[in-house]
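Below is one structure, written out as structure tokens, with a few remarks after it.
The values are calculated or read from the model by the stated rules, or taken from the named source; none is laboratory data. Just so you know, these numbers come straight off a predicted model, no measurement behind them. Cβ placement follows ideal geometry from the backbone for every residue including glycine, while neighbour counts extend to all protein chains displayed. Please note that ligands, DNA and RNA were not included when accessible areas were found on the heavy atoms of the full protein model with its side chains. Shrake-Rupley method; radii C 1.70, N 1.55, O 1.52, S 1.80 Å.
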Amino acid sequence: MNAEKKRIEAYMLAAARRAGVPIPSGETPDEEPDFRFNDEVPVLGIELSEVLRPASSNHGILPVEQESFHNEIMTKAQQDYCDGHNAKPVHVSVYFTNTRGGKRNKRELALALTECVKANVDRANPFVCLYIPETPDGFDSIVVSSGTRDWWCGEGGGYHLDDIRPQLAARISSKDKLVPTYRANLPAGARVWLLLYTGVTVARSMMIPHGIEEWKFSFRFDRVFWFTALEGQFAQIQRAGAANTVAS
């Protein structure tokens, strides 16, 4: 998990640099902060933190948790199907029913999907599409087609403008508490930046809103940036009590 986290952070750091965030080259992966730039004068340290869509945008369930729940169902259902006798190679695409915050049983959903695929695999010539009421409870649509790719599920949902600012404030505040630690781990006089980032999947992505240059937050970082990977855009976050600066 830590190796995957560092891989994602390295990818986001490079993507933000390509998008125009003034991040120098020559980083060294580290911890607290995540990257250091020893060839810079003064030395620069950059900490990364992901800004996620909040649970308030999804009936009280974090979208990334729901996405993970759905992916686990797909993995189990595919494994159970492939373990069956004389299983034909198929690819399955699914959209789950929105439970609006309700809880579902992972094992029951995986079993229902496996049995549905078994019952309809012979109709896949080259594919068959199932919709309510043909689908089991918990599934809006199921497409069974010839192929050997991993089974896939789509995610839906959205968020409101009012969801964005609290998420930014929470991530900045969480990391700002560690600024003394970051500075202690770097040479005297080093600069410390925070790079917030947002991913590309439906469960993770949020857009930089119009007017963000007017938003101000309290922090002790030297600079804070927010990079959105889906749009390839960034904004410099303004410090409360400081005059506005123009983002590159």
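Summary table
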| read-out | value |
| --- | --- |
| Flag for T181 being more than 15 Å from E47 (Cβ to Cβ) and either in contact (Cβ under 8 Å) with a residue 60 or more places away in the chain or crowded, with 18+ Cβ neighbours inside 10 Å (or both) | no |
| Qualifying residue in the range 202-209 (condition: of a type in the set (S, T, N, Q), surrounded by fewer than 19 Cβ atoms within 10 Å (Cβ to Cβ) and over 22 Å from I61 (Cα atoms)) | no |
| Single residue of the range 113-169 satisfying the filter (among the hydrophobic types (A, V, I, L, M, F, W, C), surrounded by 13 or more Cβ atoms within 10 Å (Cβ to Cβ) and part of a loop (DSSP other than H, G, I, E, B)) that is farthest from the chain's Cα centre (by Cα) | A124 |
| Residue tally, condition farther than 30 Å from R239 by Cα and among the acidic types (D, E), over the range 135-171 | 4 |
| Filtered residues of the range 17-26 (kept if surrounded by 15 or more Cβ atoms within 10 Å (Cβ to Cβ) and either farther than 16 Å from V192 by Cβ or without any contact (Cβ under 8 Å) to a residue 40 or more places away in the chain (or both)) | R17, A19 |
| Where E9 falls short, out of the listed (1) surrounded by 12 or more Cβ atoms within 10 Å (Cβ to Cβ); (2) more than 20 Å from F234 (Cβ to Cβ); (3) not hydrophobic (A, V, I, L, M, F, W, C) | (2) |
| The range 218-233 - residue that is closer than 13 Å to S205 by Cα and of a type outside the set (A, V, I, L, M) and, of those, most open to solvent (accessible area, probe 1.4 Å) | Q233 |
| Some residue of the range 54-61 being out of contact with any His (no Cβ under 9 Å at 6 or more places or on another chain) and closer than 15 Å to W193 by Cα | no |
| Residue that is farthest from R171 (Cα to Cα), among those in the range 27-36 that are open to solvent by less than 10 Å² (accessible area, probe 1.4 Å) and free of Cβ contacts under 8 Å to residues at least 60 places away in the same chain | F35 |
| Counted residues, the range 96-108 - those being surrounded by 13 or more Cβ atoms within 10 Å (Cβ to Cβ), farther than 14 Å from S68 by Cα and not polar (S, T, N, Q) | 1 |
| In the range 128-141, the residues that are under 20 Å from G102 (Cβ atoms) and of a type in the set (A, V, I, L, M, F, W, C) | I132, F139 |
| Selection from the range 37-60 of residues that are surrounded by 14 or more Cβ atoms within 10 Å (Cβ to Cβ) and either part of a loop (DSSP other than H, G, I, E, B) or over 24 Å from the mean Cα position of the chain (by Cα) (or both) | F37, N38, E40, V43, L44, V51, L52, R53, P54, N58 |
| Cβ-Cβ under 6 Å pairs, at least 6 apart or on other chains, the range 231-248 side farther than 13 Å from G211 by Cα and at pLDDT below 90, far side in a strand (DSSP E or B) and open to solvent by 30 Å² or more (accessible area, probe 1.4 Å) | none |
| Single condition V90 does not satisfy, out of (1) within 30 Å of R171 (Cα to Cα); (2) in contact with a helix residue (DSSP H, G or I) (Cβ under 8 Å, 6 or more places away or on another chain) | (1) |
| When residues of the range 67-95 are limited to those that are aliphatic (A, V, I, L, M) and touching a residue at least 40 places away in the same chain (Cβ under 8 Å), the one surrounded by the fewest Cβ atoms within 10 Å (Cβ to Cβ) | M74 |
| Any hit, the range 52-62, residues being charged (D, E, K, R) and out of contact with any Lys or Arg (no Cβ under 7 Å at 6 or more places or on another chain) | no |
